[in-house]
Each structure stands twice: as C-alpha cells, then as structure tokens.
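To start, the structure under review is shown below, and the notes come after it.
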Amino acid sequence: MRKGDVTRGAVLDEATALARRVGLGGLTIGVLAAQTEMSKSGLFAHFGSKETLQIEVLDHAAEAFVDDVIRPALAAPRGEPRLRVLFERWIDWEGVPGGCPFVAAAMEFDDRPGPVRDRLAHHQREWLDTLSRVAEGAVREGHFRAGVDTRQFAQDLYGVAIAFQLTHRLLEDPDAERRARRALDSLIATAR
C-alpha cells in the first residue's frame, strides 16, 4: 500500500470518528485539519471539497460497518441466529462514542437534496436490503413463517435500532439495551 493511501485511510478514520461527534454537516476540511494537525491545503489535495470529504466519510463508514457488523454476522448460521448476531453487532456499532454516523447524518440530510444525501440514501437502502435478505433467510430456514413481509421486518428492526440510539445516548437510559433486545424478541415472535 502506498504512503498516500495509508495517510488517506488514517485521515478517513479520524474524519469518521469526528463526524460521529460533530455530525457530518459539522465536518469540514478546516475542522479536520485542526483535529489531525494537517494543513488545510494537504487535506484539500486529498478531498477537494467539503462535499467530497463528507461522501468519502460515508463510504469509509459503510466499509467499516460491513467489516464490523455484516461480515461477522455472515459467519453465523442462516436465519434467526444470523439475525441475532447482526443485531448484537449493530447495537455495539451504535453504542460507540458519537453513535451511528448514518443515523445522525439521516437527521441532518433528510431534507437537503444533493450528492451527500444521495450517497447516504444509497447506503441506507443497501442496509435495509441486507436486513430484508437476512429475514428472507429466516423464512427459508423455517424460523419465520412463510409470507412474512421482510421489508416491513427490516424497517421495524431499523426503528428498534434508532430507538436504542435515542434512549441509550440522549436519554442515558441504563435499560436501553435490554429494551432493544426485548423489541427484537417481539419482532421475531411476530414473524414466527
């Protein structure tokens, strides 16, 4: 790997962590320069604009999400066991300092048209598709009944994760994880 690629990866790691804390909208080349002690011109050479930086942070976070959440879950048996591992890894992902950069960005960019919103929507559609496919696997394995609306299941499960982030992070509810797991159990029981 070239030195420039290593530097870019390290900068994107820092930018993603920063976006978790200040939001994607608060992430600028100037703020990142101060955080990384790099020059603005050096960062500008890497990214060219705030918008490009934000898009690359979304892509970088999506790669990390696949590595941290999706790939480990794919090692679990298909169906309900895979869904449970996926959920646990997802809860861990959202519980890190700053929370989920995608949930925060969704609140910031839901009504701001443009390339950043488009990329965010792309990643969120892919995630909902993944959740739906895992639920389809639960149907095929006989863990869920035939005819379950897997798209609805995916949306409802996403709602549980958003509620978890709110109650865990903003409300500092010590029972947030327990309630999220109970909500998952309820969704699964309904799908059986």
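For region 25-52, which residues satisfy the criterion of being within 24 Å of Trp127 (Cβ to Cβ) and at pLDDT below 85?
Residues satisfying the conditions are Gly25, Gly26, Leu27.
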Item to check | region 9-21, subset surrounded by 16 or more Cβ atoms within 10 Å (Cβ to Cβ) and either over 16 Å from the mean Cα position of the chain (by Cα) or farther than 14 Å from Pro97 by Cβ (or both), residue modelled with the lowest pLDDT | outcome: Val11
Item to check | Residue check, Phe65 crowded, with 20+ Cβ neighbours inside 10 Å, of a type in the set (A, V, I, L, M, F, W, C) and over 27 Å from Arg169 (Cα atoms) | outcome: no
Checklist outcome for this item: Of the residues in region 73-100 that are over 11 Å from the mean Cα position of the chain (by Cα) and among the β-branched types (Val, Ile, Thr), the one that is farthest from Ser132 (Cα to Cα) is Val96
Checklist outcome for this item: Counting only helices (runs of 4 or more DSSP H) entirely within region 79-192, those with at least 2 residues that are under 22 Å from Asp68 (Cβ atoms) and in contact with a Pro (Cβ under 8 Å, 6 or more places away or on another chain) are 80-94
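Results for (1) closer than 30 Å to Gly26 by Cα; (2) of a type in the set (A, V, I, L, M), shown as yes or no for each residue.
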| position | (1), (2) |
| --- | --- |
| Phe102 | yes, no |
| Leu120 | yes, yes |
| Thr130 | yes, no |
| Gly137 | no, no |
| Phe144 | no, no |
| Val148 | no, yes |
| Phe153 | no, no |
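Yes or no, residue by residue, for (1) β-branched (Val, Ile, Thr); (2) within 20 Å of Asp59 (Cα to Cα); (3) touching a Ser or Thr at 6+ places or on another chain (Cβ under 9 Å); (4) at pLDDT below 95:
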| site | (1), (2), (3), (4) |
| --- | --- |
| Ala105 | no, yes, no, yes |
| Gly114 | no, yes, no, yes |
| His143 | no, no, no, no |
| Ile162 | yes, no, no, yes |
Item to check | Residue check for Thr167: without any contact (Cβ under 8 Å) to a residue 24 or more places away in the chain and crowded, with 18+ Cβ neighbours inside 10 Å | outcome: no
Item to check | Conditions (1) free of Cβ contacts under 8 Å to residues at least 60 places away in the same chain; (2) surrounded by 17 or more Cβ atoms within 10 Å (Cβ to Cβ); (3) over 19 Å from Gln165 (Cα atoms); number of the one not met by Glu80 | outcome: (1)
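Looking at region 26-35, can you tell me whether even one residue there is under 30 Å from Arg181 (Cβ atoms) and touching a Lys or Arg at 6+ places or on another chain (Cβ under 6 Å)?
No, there is no match, as no residue in region 26-35 is under 30 Å from Arg181 (Cβ atoms) and touching a Lys or Arg at 6+ places or on another chain (Cβ under 6 Å).
Considering only residues of region 68-78 that are of a type outside the set (Asp, Glu) and assigned to a helix (DSSP H, G or I), which is farthest from Leu170 (Cα to Cα)?
Going through the qualifying residues, I end up with Leu74.
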Next on the checklist: Contact list please: Cβ distance under 8 Å, first residue in region 173-192 and within 14 Å of Glu88 (Cβ to Cβ) and touching a residue at least 24 places away in the same chain (Cβ under 8 Å), second residue among the hydrophobic types (A, V, I, L, M, F, W, C) and not in a helix (DSSP H, G or I), pairs at least six apart or on different chains.
Outcome noted: Ile188/Phe144
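The values are calculated or read from the model by the stated rules, or taken from the named source; none is laboratory data. Keep in mind the model is a prediction, meaning the values are calculated, not measured. Cβ atoms come from the backbone with ideal geometry, glycine included; neighbour counts cover every protein chain shown.
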